[in-house]
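First the structure, in the form of structure tokens, and then the observations on it.
Here, each number is a calculation from the coordinates, and none is a lab measurement. Not measured: the values here are computed from a predicted model. Cβ coordinates were reconstructed from backbone atoms using ideal geometry, including for glycine residues, and neighbour counts include every protein chain displayed.
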Ligand SMILES: Cc1cc2nc3c(=O)[nH]c(=O)nc-3n(C[C@H](O)[C@H](O)[C@H](O)COP(=O)(O)OP(=O)(O)OC[C@H]3O[C@@H](n4cnc5c(N)ncnc54)[C@H](O)[C@@H]3O)c2cc1C
């Protein structure tokens, strides 16, 4: 419904066709097996430069903005959310930590989907409370020595590199956000190096991208691989990254809602009860009207904040609002889609159940709905208790 430039429309239509032709059949087959996105699909996404939407053309990327990155992501999610998520593991992730030589070598590979990373921020004891990071990095000669745990690390085994947040100075209770440093290190694909013990987290959805609980024991990172941005910049780096991730999550939530709505509309036109397609019943028609309206409102919110961020500035208040609204909306809309399908909605015969499980996650990761409300209300009212 929203008006897009011809270039954006083309990008969106291409992504939609790719999602339906290439991603959907793979999702339908592999999601029930809790399997990872296959390399062949990653390669096809790489050919389209979906891992390089934000990477400048001189590094073989598309050189486009957050808007286009989210536009593609929404369309991919109409088939499988994890496919839209894995592109966040390219698109310049960790570019800030690379030397000029590394950029020359790694960014073109990243744009082609041949150098994809994992993001290790959360810990068993530090989820919403990012400043609670306890994983330690201690300097020993030419190395940093990592000890601690990281939780939920998506794509960790398949990754070619990892971004890891660790404390390089003890926590100061008065300044908890200080002393966290981002590290970037390369690793062998489909393996964990010595010093990292990994356990798979068994999830109810978001398959395609397995999540890992990692324990680091005297894991060594060469000191030259320390992020050039410097010690203690981790909290700011994480929070800035999360801002884009929230707009990206809003777009993914819209994709899950739209994907479920597409299935529900098709089904409603075909399913006959009381001698008529159920799409003739006003109860179903009004549901569809509400679902489409809510999805479009959420879409316009992420469109607006993505354009604003591309024009400059963080716009974190609006990013939080877009994320909050879209993820709550997506849980509701995918559930309504399930209702339209009746009993078969509650089976694995239709993609609606996958969209419902995946939409549910958007309320939790990249900052829960409660954390978004905290950010928004703090901004509007000032922090509580001051
Ligand atoms: C499938 C999946 C994939 C993920 N992938 C990654 C990844 O790749 N890398 C990574 O680093 N992390 C990842 N995460 C972690 C994710 O970002 C965290 O789960 C999320 O931030 C919430 O943290 P938590 O699970 O520890 O919940 P908690 O922080 O323990 O929250 C529990 C409940 O308390 C509420 N709460 C907490 N603090 C407050 C407060 N101040 N005010 C009000 N309510 C509050 C929360 O909203 C929530 O309802 C992933 C998580 C999941 C589930």
Roughly how tilted is helix 66-77, in degrees to the nearest 10 and between 0 and 90, from the longest Cα axis of the chain?
-> 60 degrees
Of the peptides 324-334, 74-84, how do they stack up when ordered by the mean number of other Cβ atoms within 10 Å, highest first?
-> 74-84, 324-334
Can you tell me which of 119-126, 252-259 comes out highest on packing, and rank the rest after it, using the mean Cβ neighbours within 10 Å?
-> 252-259, 119-126
In whole angstrom, how far apart do the alpha carbon centroids of region 180-216 and region 83-123 sit?
-> 15 Å
What spacing in nm lies between the two simple spin-label points modelled at residue 202 and residue 134, each 7 Å away from Cα in the Cβ direction?
-> 2.6 nm
Checked the chain with the C-alpha gyration tensor, a ≥ b ≥ c its square-rooted eigenvalues, rounded below a/c of 1.5, otherwise prolate if a/b is larger than b/c and oblate if not; verdict prolate
Among rounded, prolate and oblate, which fits region 264-326 when a ≥ b ≥ c are the square roots of the eigenvalues of its C-alpha gyration tensor, a/c under 1.5 means rounded, and a/b larger than b/c means prolate?
-> prolate
Where does the chain land at 222 nm, in deg cm²/dmol rounded to the nearest 500, when only DSSP H runs of n ≥ 4 count, each adding -39500 (n - 2.57), divided by all residues?
-> -15000 deg cm²/dmol
Computed FRET efficiency, Cβ-Cβ of residue 317 and residue 58, R0 25 Å: what is it to the nearest 0.05?
-> 0.15
Measuring from the longest principal axis of the C-alpha atoms of the chain, the long axis of helix 369-381 (C-alpha) lies at a number of degrees, nearest 10, equal to 80 degrees
For region 297-354: relative contact order, % (alpha-carbon pairs under 8 angstrom, 6 or more apart) | 25 percent
Per-peptide average of other Cβ atoms within 10 Å, ordering 56-69, 99-112, 273-286 highest first = 56-69, 99-112, 273-286
When only C-alpha pairs under 8 Å and at least 6 residues apart count, what is the relative contact order of the chain, in percent?
-> 15 percent
Round to the nearest 10 and give me the degree value, 0 to 90, for the angle of helix 282-311's Cα axis relative to the longest principal axis of the chain.
-> 30 degrees
